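The next block holds one structure in the form of structure tokens; read it before the comments.
All of the numbers you see were taken from the coordinates with simple rules; none came from a lab. As the structure is a prediction and not an experimental result, all values here were calculated from the model. Methodologically, a virtual Cβ is constructed for each residue, glycine included, from the backbone with ideal geometry; neighbour enumeration extends over all protein chains shown.
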Amino acid sequence: MNGARRLPKRSAGLLLVPALLAARLAAEPGRSILARVLEGAEKQVGVTVVYDGSYRRLAYPGGDVPPERGVCTDVVVRAFRNAGLDLQALVHEDMTRAPAAYPGSWGARRPDTNIDHRRVPNLATFFARNGTVLPATRVAADYRPGDVVTWRLASGLPHVGIVSSRYAGDRPLVIHNIGAGTLFEDVLFANPVTGHYRYPREEPAGGASRAVPRS
């Protein structure tokens, strides 16, 4: 099985959206990427109810597992796809461009569009290369809605989620799937934070934020 299919062209940069989603985004020009990412994360709650990390063949681009199933990375992928940012394609393109920048612990000989974007270390690498890397603090005020956070669980496994706009006291809740489906939970500091990212990359005041990869 060869998952390393190439995109037809990159003339539109890295904003890869299916036609129907592109039409909906165009009809809502006032809504920010952040608002769409949060909407994409929140609407998974109550829909994705099964944790299922089994390997599946996916369409490309825009491929997904059944909506009632998924893992922590699928929460992030679906959230950003709701904003027109297809991490399946974005990660694949970046891995193809700079394979040495990504973890080599999977034993794969080439990028695989079925699974690469569903692995936490790959998402963390992509966001570090293409987004804004922020301090991994234990200060709740440092985390904004829409930020992507990674953790190291007690089991040693990596985990990822999205900071929500809901709060428990002064702490934002996290939208994630750690085994019981996609949920809002007060777990921002329940495990050691290993990464804190904001995507697309923030630009200095007066500049536009764009999804532009590093070479």
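Values computed for the structure shown
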read-out: Gain upon complete extension [residue 97, residue 132; 0.36 nm per residue less C-alpha separation]; value: 10.7 nm
read-out: Label-point separation, residue 186 to residue 60 (7 Å along Cα→Cβ), nm; value: 4.3
read-out: Zero-based 5 Å bins, Cα pair distances in segment 44-94, whole percents; value: 5, 19, 33, 26, 14, 3, 0
read-out: Note, ³J(HN,Hα) from phi for segment 164-181, Karplus 6.51, -1.76, 1.60, rounded to Hz, x at Gly and Pro; value: 9, 9, 9, 10, 10, x, 9, 9, x, 6, 10, 9, 7, 10, 10, x, 10, x
read-out: Where trypsin sites (Lys or Arg not before Pro) fall in DSSP loop in segment 90-156, at most 11 other Cβ within 10 Å; value: 109, 138
